[in-house]
Amino acid sequence: NLASKIAKRLQLSPGEDLSPIVEKLGGRIKVRSWREGREDGAIHVEGPGDFTIFLSPYTGPFRDRFTIAHELGHYFLHSLFGEKKIKINREGSDPTEWEANWFAAGFLMPTDSFQEEWNNFGGNVEAMAARFNVSTQTIKIRANVLGLSTGDF
């Protein structure tokens, strides 16, 4: 719910580019050098309105979009809107990573918008993926969590 409320407050439209949102919050997005060899994202928060999200050079637009939303989850949930300095490099699976994933899903696909579009598109996963600018797998997982049948779970 928090992620959906933040998306609404930031006037994020389904499928919209997240770069302007990050900039509006005072953040930057940087793609890591291929020499760093990292295949995951990270966030370094120095303070309110002062953070950097790092993306892998090996991923595509859908993954990068989810990663940006995931790292924003860390910003809002774990750095408390920048009040707490943090440096999180995604490693393994722990409760903070799960929370950031849940945040990303709710931020990119708010419940109300998702359910409305689900009805508009008749549950067509490919159309939903195009609308929200995420992978079909992300749509299937979100639909399952919201109790909407895709026939895949």
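The values are calculated or read from the model by the stated rules, or taken from the named source; none is laboratory data. Given the structure is predicted, the values throughout are model-derived calculations rather than measurements. All Cβ positions, even for glycine, are placed from backbone atoms using ideal geometry, and neighbour counts span all protein chains on display. Accessible surface is based on the protein model in full, side chains and every heavy atom, while ligands, DNA and RNA are left aside. Shrake-Rupley method; radii C 1.70, N 1.55, O 1.52, S 1.80 Å.
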**Prompt:** Listed residues 13, 56; which is more than 12 Å from the chain's Cα centre (by Cα), hydroxyl-bearing (Ser, Thr, Tyr) and within 17 Å of residue 132 (Cβ to Cβ)?
**Reply:** 13
**Request:** Kindly provide the set of residues from the range 46-76 that are closer than 18 Å to residue 1 by Cα and free of Cβ contacts under 8 Å to residues at least 40 places away in the same chain, ordered by number.
**Result:** 70, 71, 74
**Request:** Kindly provide the set of residues from the range 132-147 that are part of a helix (DSSP H, G or I), farther than 20 Å from residue 72 by Cβ and in contact (Cβ under 8 Å) with a residue 12 or more places away in the chain, ordered by number.
**Result:** 140, 143
**Asked** Conditions: (1) over 27 Å from residue 34 (Cα atoms); (2) at pLDDT below 95; (3) assigned to a loop (DSSP other than H, G, I, E, B); (4) open to solvent by 70 Å² or more (accessible area, probe 1.4 Å). Residue 150 meets all but one. Number of the miss?
**Response** (4)
**Message:** Return the residues of the range 66-110 that are open to solvent by 40 Å² or more (accessible area, probe 1.4 Å) and either hydrophobic (A, V, I, L, M, F, W, C) or within 19 Å of residue 15 (Cα to Cα) (or both); say none if nothing qualifies.
**Reply:** 66, 77, 80, 81, 98, 101, 102
**Item:** Matching option when the condition is outside any loop (DSSP other than H, G, I, E, B), touching a residue at least 60 places away in the same chain (Cβ under 8 Å) and not small (Gly, Ala, Ser), among 30, 8
**Value:** 8
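For the range 88-119, which positions are outside any helix (DSSP H, G or I) and over 19 Å from residue 134 (Cβ atoms)?
88, 89, 91, 92, 93, 94 - these are the residues of the range 88-119 that are outside any helix (DSSP H, G or I) and over 19 Å from residue 134 (Cβ atoms).
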**Prompt:** Do we find a residue being over 15 Å from the mean Cα position of the chain (by Cα), among the β-branched types (Val, Ile, Thr) and open to solvent by less than 40 Å² (accessible area, probe 1.4 Å) anywhere in the range 35-50?
**Reply:** yes
